[in-house]
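Just below is one structure, and these are the notes that go with it.
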Amino acid sequence: MKIKNVASRRPSLSTELIQIADNLAHFAVEFGFIVNEHFSHDLATIGFANGVRLRIHAPSEAAKLEALLAAESIPAEEELVGLTAGVIAAFSADADLEVGINRFLRERWRLSADRAPTIELREELLRRILHGIRFGLFVAKESLETAQKIEEHATTLGCGNRFLSLLLYYWRDNGWEPNAVPFVEFTASCYEPGSMQQRMIRYAVSEILPFAKALKEPWRLSFWAEMGWSGGRGFVRNNPKECAALLEEVGRETLQVRHAFYQQHLLGTARSDGEIQIERATLKYFGDHPDADLARCYCTGREPRRLARLGFDFAFWMGIFSSHPVPIIEH
């Protein structure tokens, strides 16, 4: 099918859809996406991945969002004809799934009736994101096999991109609004939903983030490790009951693992006079981690937010184990 590329009298987008697209764009920028000539293409791809993964993990909420998009003809219904076959063909034409989707969505936009010569850049960006979401929802509904292939690929992405591809899933119970600012929501997504650990770390990161953002290098590992170290020690000192509840929640097995980290990484890197070197301990933790990509990320400067979060978490727990009373772990 060929989609006619004609100018149309586009009705204004609803506030709800504008907000969804704006939030996805904002999170992408916060996670390092550069606003350049490729930005709208990348955002359309993020929207597509979100649509697919929302359909897989929350089909009822996906149906509600699809209804919102359909009500405003985002895109026009005729642009959905042959869509799934086109996506499958794009997969087979390019070994890199992400590149294939990106190229496919570019071509669909080039032929879309929404792509008028007079369209403003902001509206084009919003509509491209929303088109991507609708296409993702539609393809995942039509072809489970295709959806699963995209889902499998998404799990191999970097930590930040995996997070960005699940934003609509995280926002499904909040009226499609973010639950927190980007880095705080990213941090919270790494813990069991509703757990004390999630609430505690989320609160701590929320308190620290404004100070980090004031720095020239907000994701510098030394800063987050130091903040985690002092935060963990302060947590034991100022919230003994909550600390005891946290230790009970995570369980004996997790405590044993973290206590081994304390002995190997923290005490093992202390100076000869006993002074703790928390940044050095954190780097040893990264270097010894089963996931060798952590060390590669640190050496290459990739995924600084991921390292900041992990560094904070590690140092927070080291602060807990270094404080009085030291939790007793029986092996």
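What the table shows:
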item	result
Angle between the chain longest axis and helix 121-142 axis [Cα atoms, degrees, rounded to 10]	90 degrees
For the chain, calculated [θ]222 nm from helices alone, where every DSSP H run of n ≥ 4 adds -39500 (n - 2.57)	-21500 deg cm²/dmol
Extension gain, Glu30 back to Thr300 (0.36 nm per residue minus Cα-Cα distance, nm)	95.3 nm
Gain in span if fully extended, Leu215 to Arg271, counting 0.36 nm per residue against the direct Cα distance	17.3 nm
Extension gain from Glu248 to Tyr203, taking 0.36 nm per residue of separation minus the Cα-Cα distance	14.3 nm
Shape call, the stretch 126-183: gyration tensor on alpha carbons, a/c limit 1.5	oblate
Cα shape, the stretch 60-148, gyration tensor, a/c 1.5 rule	oblate
Computed E for Val257/Ala76 - FRET, C-beta separation, R0 51 angstrom, nearest 0.05	0.40
Value of relative contact order over the stretch 31-163, rounded to a whole percent, pairs C-alpha under 8 Å and six or more apart	45 percent
Virtual spin-label span in nm between Arg110 and Glu37, 7 Å along Cα→Cβ	1.4 nm
Volume per residue that the Cα convex hull of the stretch 209-310 spans, once the total is divided by residue count, Å³	129 Å³
Exposure proxy order (Cβ contacts within 10 Å, fewest to most) of Ile276, Ile133	Ile276, Ile133
Filtered GluC sites (Glu not before Pro), the stretch 231-310: DSSP coil and at most 16 other beta carbons within 10 Å	Glu275
Part-to-part distance (alpha-carbon centres) for the stretch 302-320 and the stretch 100-159, which is given in Å	33 Å
Net charge over other residues, Cβ less than 12 angstrom from the Cβ of Met227 (K, R count +1; D, E count -1)	-1
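FYI, it's all coordinate maths here, none of it is from the lab. Values in this document were obtained by computation on a predicted structure and should not be read as measured data. Neighbour counts are summed over all protein chains in view; Cβ atoms, including those assigned to glycine, are modelled from backbone coordinates with ideal geometry.
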